[in-house]
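Here is the structure we will look at, set down as structure tokens.
The values are calculated or read from the model by the stated rules, or taken from the named source; none is laboratory data. Owing to the predicted nature of the structure, the values given are computational and were not obtained by experimental measurement. Don't worry about glycine lacking a Cβ; one is built from the backbone with ideal geometry, like all the others, and counts go over all protein chains shown.
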2 protein chains.
Amino acid sequence: MSLTKGKCEACNIDAPLVSDAEKEKFMIELDNWQIISVEGIEQLHKVFMFDTYQDAMKFSQTVAVLADHEDHHPKIVLEWGKVEVFWWTHKIKGLHKNDFICAAKTDQI
Amino acid sequence: MSLTKGKCEACNIDAPLVSDAEKEKFMIELDNWQIISVEGIEQLHKVFMFDTYQDAMKFSQTVAVLADHEDHHPKIVLEWGKVEVFWWTHKIKGLHKNDFICAAKTDQI
């Protein structure tokens, strides 16, 4: 199943972190996302580059609207010419399948 | 003169960093901004808290529109319930009067 066909589901504190096997499988579907560790918490991270500030603004706004629609909220960092997006699941302090779904949807924007 | 009445001016590489005396004067006019050092570069930083993601989205979007209008572009970090804003002047690797003007205008939003 393609990640982009998934829908973020409300995640509770008992939801499972993705396994290493799942991570490997999902990462193949994603374009250039990295798994980084921030204070011991794994996060999906990607930098998107833009020629103009307005393009970067529009992109970050669209990601935020997607996030609100999915009820799953990433960290979005807007600077001149670039936008960084970080997806992870606060409640379980790591990566849930939701995060990979949202990363794949971010690439579709 | 109130900072909010100032207008950001295009900043070139020879523009002066603010002096310690100016910093002190300008900081009195600002509400709860901090001067932080990021990799040796001074930046003005403030965290704005919100009850909803939509309010945080709207605020970050409005700051971005202000930035584009002033042609001076901060780092804006949007997360659930909060927005962090960082103003500094890339070309001079530190704080210019512009940054204090833009911080004051951010507070007016």
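Structure above, values below:
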{"item": "Of the criteria (1) more than 20 Å from B:Ser60 (Cα to Cα); (2) at pLDDT 90 or above, which one A:Gln54 fails", "result": "(1)"}
{"item": "Out of B:Phe48, B:Phe86, sole residue that is farther than 19 Å from A:Lys82 by Cβ and surrounded by fewer than 23 Cβ atoms within 10 Å (Cβ to Cβ)", "result": "B:Phe48"}
{"item": "Residue pairs meeting the criteria (Cβ under 9 Å; at least 6 apart or on separate chains; first at the interface with another protein chain (Cβ under 8 Å from one of its Cβ atoms), in region B:66-91; second modelled with pLDDT under 90 and surrounded by fewer than 16 Cβ atoms within 10 Å (Cβ to Cβ))", "result": "B:His73/B:His90; B:Trp80/A:His90"}
{"item": "Count - residues of region B:16-65 that are within 11 Å of another protein chain (Cβ to nearest Cβ) and under 12 Å from the mean Cα position of the chain (by Cα)", "result": "2"}
